[in-house]
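Structure first, commentary second.
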Amino acid sequence: MKIAVDISLYPLDKDFIPPIKNFIHRLNNYNSIEVITNNMSTQIIGEYEVIMSILNNEIRDTFEALPKAIFAVKILNNPS
């Protein structure tokens, strides 16, 4: 099943841009998903199992690297 995820990262730190850029850069290293970035969020499109596995790893890595951060995530099935 194909899904689209709209995700935003809010590092709770004065220097918030580098962690966001790092997260987006890491997502772009996956060939199995489509990554679309705009000013407010990043959209990730791909197979459900692939996307969820990637998010599990990348969100965990971000939380381990940052003292405080918020992820806002919306998931849509069957994107066109």
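The values are calculated or read from the model by the stated rules, or taken from the named source; none is laboratory data. For clarity, every value in this text was computed on a predicted model and none was experimentally measured. Note that each Cβ is placed from the backbone with ideal geometry, even for glycine, and that neighbours are counted across all protein chains shown. Keep in mind that these areas ignore ligands, DNA and RNA; they rest on the heavy atoms of the full protein, side chains included. Shrake-Rupley method; radii C 1.70, N 1.55, O 1.52, S 1.80 Å.
Remarks
- A helix-only calculation puts the chain at -12500 deg cm²/dmol for mean residue ellipticity at 222 nm, using -39500 (n - 2.57) for each DSSP H run of at least four residues, averaged over all residues.
- Virtual spin-label span in nm between Asn77 and Asn29, 7 Å along Cα→Cβ: 3.2 nm
- Relative contact order (percent, whole number), the chain, Cα cutoff 8 Å, 6+ residue spacing: 52 percent
- Taken per residue, the accessible surface of the chain reaches 66 Å², heavy atoms only and a 1.4 Å probe.
- At q = 0.25 Å⁻¹, base-10 log of I(q)/I(0) for segment 1-60 (Debye sum, equal scatterers on each alpha carbon): -1.10
- Protein accessible area in segment 1-75, 1.4 Å probe - carbon and sulfur %: 56 percent
- DSSP-loop trypsin sites (Lys or Arg not before Pro) across segment 43-80, with at most 16 other Cβ within 10 angstrom: Lys68
- Residue-wise HN-Hα couplings along segment 42-53, as the Karplus relation 6.51 cos²θ - 1.76 cosθ + 1.60 with θ = phi - 60° gives them from phi, are 10, 9, 10, 10, x, 6, 3, 4, 5, 4, 5, 5 Hz; Gly and Pro carry x.
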